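Read the figures in this text as sums done on the coordinates, not as results from a lab. Keep in mind that what you see is a predicted model, and the values were worked out from it rather than measured. Cβ atoms come from the backbone with ideal geometry, glycine included; neighbour counts cover every protein chain shown.
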Amino acid sequence: MAVAFPHLISAEKPSSMETSLSSLSPPPVILTQDELKKIAAYKAVEFVESGMVLGLGTGSTAKHAVDRIGELLRQGKLKNIVGIPTSKKTHEQAVSLGIPLSDLDSCPVIDLAIDGADEVDPYMNLVKGRGGSLLREKMVEGVCKKFVVIVDESKLVSHLGGSGLAMPVEVVPFCWKFTAKRLQDLFEDCGCVAKLRTAGERQPFVTDNGNYIIDLYFKKDIGDLKVASDNILRLAGVVEHGMFLDMATTVIVAGELGVTIKHK
Ligand SMILES: O=C[C@H](O)[C@H](O)[C@H](O)COP(=O)(O)O
């Protein structure tokens, strides 16, 4: 299903020289990546109903969805929402917007979660965690009845790892170099390089859970994703990885030509 952006098409009167062409089809406005993220996020929030328990994602795309939920609550268009944040940052944002919050201990079943992704393959498998929130995201989004993923079209890949960018793995800090080496060795045939994520001057990036992130970079396709997932999770020292396999129920993609919504 594709929906264009009529409200974002220029409504200005064309100059006399341009009249014949542009009066028929006004030039489309070039949207920024952030505007595309916002369009996808707002579309996802249309799936939210009063009374729902909502998984609140993390990142620059999910932020728009959380803002929108807060706005609709303020306007009284949504009522009795309970949010389950997937990071400390989203928790802070939701508190600032007055969204009532809970956690998985009190609300172990979630109606709907909305979150961004770093990569989406044609089967709706995802890479997540380039913002470092993959563990809480996987815990929350793993127990939701519907998981709506929101991305701009730059996130679409032919296969996971295909962007050439990081596939994050959360590890315990204890002997992280040893774990990083084991991860790299696991994917030796794919030309894998494992790097500790840093935050500023040689400081390790520390997740909300007090762990480190090892980013894996692949030169070749990693093949069977389920096998790759099992192999990573079997390594002692690994907490969780950023492949979200068979979890998304809907993917909303905003691109220059409109919004595409794909359901499982
Ligand atoms: O850890 C971060 C999350 O998995 C994000 O959902 C993901 O990185 C996408 O973030 P953004 O919407 O900022 O591209």
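The percentage of C-alpha pairs in the chain whose separation is greater than 33 Å is 26%.
Take each peptide in 82-89, 126-133, count the other Cβ atoms within 10 Å of every residue, and average; sorted highest first, the result is 126-133, 82-89. Listed by chain and number, the lysines whose alpha-carbon sits under 16 Å from that of Lys77, ignoring those within fewer than 8 places in the same chain, are Lys43. This ranking places Val169, Val157 by how few other beta-carbon atoms lie within 10 Å of each, fewest first, which gives Val157, Val169.
Cross-link partners for Lys220 among the aspartates and glutamates, with Cα-Cα distance under 20 Å and sequence neighbours closer than 8 places in the same chain left out: Asp118, Glu119, Asp121, Asp185, Glu188, Asp189, Asp230. Tell me the angle of helix 176-186 to the major Cα principal axis of the chain, expressed in degrees between 0 and 90 and rounded to the nearest ten. Once rounded, the angle reads 80 degrees.
Mean residue ellipticity, 222 nm, helices only, the chain: the sum of -39500 (n - 2.57) across DSSP H runs of n ≥ 4, divided by residue count and rounded to 500, is -8000 deg cm²/dmol. Ordering Arg202, Arg136, Arg182 by the number of other Cβ atoms within 10 Å of each residue's own Cβ, fewest first, gives Arg202, Arg182, Arg136. The angle between the Cα long axis of helix 60-74 and the main principal axis of the chain comes to about 60°, on a 0 to 90 degree scale. Any idea how far the Cα center of region 37-64 sits from the one of region 212-264, in Å? So the two Cα centres are separated by 20 Å. The trypsin sites (Lys or Arg not before Pro) of region 56-85 that DSSP puts in a loop, and whose beta carbon has at most 10 other beta carbons within 10 Å, are Lys77, Lys79. By the beta-carbon count within 10 Å of each Cβ, the least crowded to most crowded order of Ser60, Ser158, fewest first, is Ser158, Ser60. Among residues other than Asp111 with Cβ under 13 Å from its Cβ, the summed charge is 0 (Lys and Arg +1, Asp and Glu -1).
Once the GluC sites (Glu not before Pro) in DSSP loops with at most 12 neighbouring Cβ atoms within 10 Å are cut out of the chain, the longest remaining piece is 47-200. Given +1 at the Cβ of Lys and Arg, -1 at the Cβ of Asp and Glu and no other charges, the dipole of the chain around its Cα centre is 300 debye to the nearest 20.
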